[in-house]
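Shown next, in structure tokens, is the structure this report addresses.
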Amino acid sequence: MTAQKAASLGAASRRGCGERLKDEVYRQMFRLEARHPGADRDLAVALLRAWIACGSPAARKGEIQWLKKICPICLGMIDDALQAGPRRLEIR
């Protein structure tokens, strides 16, 4: 494999990883909005994974900026879910 081909595969892999992390964060945000049990914890774990990935030398500036914007929103959602307590089913 040529060095150029290896470099392009590495860049594509990093791009794919960043998109997968974004997808995971958004998926967990939707789960939390739907009040799925444990979604607050899952969203926190997804955010941690994204921050760890952004700490690598391969992280792109756009991914870091996105994470800085989305974290306050996610943390607010987690806090609201914890304040609301467990979901109670209403039977009519």
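The values are calculated or read from the model by the stated rules, or taken from the named source; none is laboratory data. This one's a predicted model, so the numbers in the text were calculated from it and none came from an experiment. A quick note on method: Cβ atoms are made from the backbone with ideal geometry, for glycine too, and the neighbour counts reach across all protein chains shown. Note: accessible area is taken over every heavy atom of the protein model, side chains too, but ligands, DNA and RNA are not part of it. Shrake-Rupley method; radii C 1.70, N 1.55, O 1.52, S 1.80 Å.
Below is a table of values for the structure above.
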item	result
Debye, to nearest 20: dipole size of region 23-92, +1 on Lys, Arg Cβ, -1 on Asp, Glu Cβ	60
In nm, spacing of pseudo-spin labels at A44 and A84 (7 Å Cα→C-beta vector)	1.7
Peptide ranges 20-31, 47-58 listed from the most packed, as the mean C-beta count within 10 angstrom indicates	20-31, 47-58
Probe 1.4 Å, accessible area per residue of region 21-92, Å²	72
Rounded if a/c under 1.5, otherwise prolate or oblate - region 22-92, Cα gyration tensor axes	prolate
